[in-house]
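What follows is a single structure, written as structure tokens, with notes after it.
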Amino acid sequence: MIPNVGLMRWLDLYSTGIETIDRQHENLTDLLNCLNEAWRTGKGHDVLLFRLDQFLDAVGAHFRDEETLMQEKAYPDLDLHRAEHDFLLVQVLQFRTQFANTEVELTESMLDFFRDWLRDHILISDRRLGRFVLGIPTPR
Ligand SMILES: [Fe+2]
């Protein structure tokens with residue numbers, strides 16, 4: 001895969017301090033950029049659906065890994081964090097179904113929604129989880 005920086009550029013400030021989580025986040029960024037690149041260059045529906053599914057599969061696996069980590073560490077904000085994951089999954093799976101049925105098109109605003117959600121979730125919720133796992137106090 002050729003990483004590109006079209007939609008979301010990975011920044012060090014996104015680091016949670018947990019190597020496996022950070023690499024998964026970086027991979028999600030690459031996959032989202034690939035989806036954006038396919039859309040931007042006018043690829044057909046099948047290609048866009050393939051790229052969307054790649055992103056969704058990686059998001060789902062990543063959420064499961066994070067939730068397993070939170071359970072292992074008895075993370076006190078697990079329910080809240082999981083609810084944020086579930087919110088995105090509902091949104092994207094609903095979109096995926098409609099897109100697969102050609103009821104909706106992929107739009108710039110939907111790509112922006114994915115990016116904004118991912119960035120904000122990493123910056124706030126995942127970095128909070130990282131501080132907890134690493135034993136760094138979090139200001140409430
Ligand atoms: Fe998360």
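The values are calculated or read from the model by the stated rules, or taken from the named source; none is laboratory data. Since this is a predicted model, take the numbers as computed values, not measurements. FYI the Cβ positions are ideal-geometry reconstructions off the backbone, even for glycines, and counts take in every protein chain you see. Remember, those area values only see protein heavy atoms, side chains included, never the ligands or the DNA or RNA. Shrake-Rupley method; radii C 1.70, N 1.55, O 1.52, S 1.80 Å.
How high is the relative contact order of region 30-134, in percent, counting Cα pairs under 8 Å that sit 6 or more residues apart?
The value is 30 percent.
Can you give me the % of accessible surface on region 1-92 that is carbon or sulfur? Probe 1.4 Å, all protein chains present, nothing else counted.
Accessible surface attributable to carbon and sulfur in region 1-92 totals 54 percent.
Once you charge only the Cβ atoms, +1 for Lys and Arg and -1 for Asp and Glu, what is the size of the charge dipole of region 30-134 about its Cα centre, to the nearest 20 debye?
That gives a dipole near 220 debye.
Could you pull the Rg and Dmax for the chain, using just the Cα atoms, both in Å?
Final numbers for Rg and Dmax: 15.5, 48 Å.
Leaving out ligands and nucleic acids, and using a 1.4 Å probe, what accessible area per residue does the chain come to in Å²?
Accessible area per residue, the chain: 55 Å².
Just to be sure I understand the model, the point goes 7 Å from the Cα along the line to the Cβ. What's the resulting Asp57 to Thr97 distance in nm?
Here the answer is 2.1 nm between the modelled labels.
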